[in-house]
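Below is one structure, written out as structure tokens, with a few remarks after it.
The values are calculated or read from the model by the stated rules, or taken from the named source; none is laboratory data. Just so it is clear, the model here is predicted, and its values are computed rather than measured. As a convention, Cβ positions derive from the backbone with ideal geometry for all residues, glycine included, and neighbour counts pool all protein chains shown. What goes into the accessible areas is simple: the full protein's heavy atoms, side chains included, and nothing from ligands, DNA or RNA. Shrake-Rupley method; radii C 1.70, N 1.55, O 1.52, S 1.80 Å.
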Amino acid sequence: MTKPVLTLRGLTKYYGKTPAVRQVDLNLDQGQIYGLVGRNGAGKTTIIRMAAGQSHPDSGEMALFGARDPRGLEKARRRTGAMVEIPSFYPYLSARENLEYYRLQRGIPGREVVEEALSQVGLADTGKKRFKAFSLGMKQRLGLALALMNHPDFLLLDEPINGLDPEGIVEFRSILQALNRERGTTILISSHILSELSNVATCYGFLDRGEMLEEISAAALHDKCRSCLEVTVDNPGLAAAALERELQTRHFEVLPGGHIRVYDFLDQPQLVTGALARTGVAILAAEHRTANLEDYFLKLIGGEDRA
């Protein structure tokens, strides 16, 4: 039986009079890679900051490794590592020297943790190269190394792949998957690069305007993002009636903009288009497609005009 790592109930945070997070419930269990999905300003960073103890909620409850009271939360956070943004590393120090400085500052015992963290993120061979000469990908990996120095059971990562090139994204993804697979590290990761989240996440939380719209497992999401025949028509209501009457199917959904996704007859699209045409429905477009994470999110928040 999996154990809960982070549980939020009705968590709310205001900045002035503006609600950044409103009545958010979140459930993250041991061993999961939780993808926190939302556009900029949706509340992702606020949630991660509160979980990391960098900010405090105005109302609601938080449990971290089962701890709820302030002293228990402080102790539980010793088992976490957070990367909310690239830390303020010293530009004229090497990766090793920067980590050694933070190790001493944070009172982490054993110099070997520096070497281990550098090795985990692929920076063990950077030698005396100064931080100011690092690429963005190297800077992001050093930030991750800093979060790993205390051997955390739980990683909190806010937009860690933002700005990385494709090679850097693949490298970062491989590191996270190895941590999760080999060490059992639980990970909460936010990103607006939805296609990349779909490569690592085992479950998702969809945020919009500070509210949690839905939590869903990757397996359940895969079922919802199945293949379909998407038909664009001039009269969706008439088309829906035609599908039910002519083809005796209810395995379809009507979307904004005159789009209808039909999940039956994928190998016989002419049956669908023929039934619509006989009913007098004008077909503007028809194509096979498989919905992805971005499609699902746009549908959830109510269309592209809100994305």
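Annotations
- Condition check for ARG9: open to solvent by 10 Å² or more (accessible area, probe 1.4 Å), among the charged types (D, E, K, R), in a strand (DSSP E or B) and in the same structural domain as HIS151 (by TED's automatic domain parsing): yes
- Helices (runs of 4 or more DSSP H) contained entirely in segment 20-112, each with at least 2 residues that are within 16 Å of ILE189 (Cα to Cα): 44-52
- Applying the condition of being free of Cβ contacts under 8 Å to residues at least 24 places away in the same chain and open to solvent by 30 Å² or more (accessible area, probe 1.4 Å) to segment 253-294 and asking which residue is farthest from the chain's Cα centre (by Cα) yields ALA277.
- Failed item, numbered, when ALA220 is tested on (1) in a helix (DSSP H, G or I); (2) in contact (Cβ under 8 Å) with a residue 24 or more places away in the chain; (3) open to solvent by 10 Å² or more (accessible area, probe 1.4 Å); (4) of a type in the set (Gly, Ala, Ser): (2)
- The residues listed here are ASN180, ASN150; of these, the one that is modelled with pLDDT of 90 or more, over 21 Å from THR46 (Cα atoms), part of a loop (DSSP other than H, G, I, E, B) and open to solvent by 10 Å² or more (accessible area, probe 1.4 Å) is ASN150.
- Considering GLY168, GLY122, the condition of being over 16 Å from PRO91 (Cβ atoms), part of a helix (DSSP H, G or I) and without any contact (Cβ under 8 Å) to a residue 60 or more places away in the chain is satisfied by GLY168 alone.
- From the list LEU118, LEU123, LEU188, LEU142, the one residue that fits, being within 28 Å of GLU294 (Cα to Cα) and open to solvent by less than 20 Å² (accessible area, probe 1.4 Å), is LEU188.
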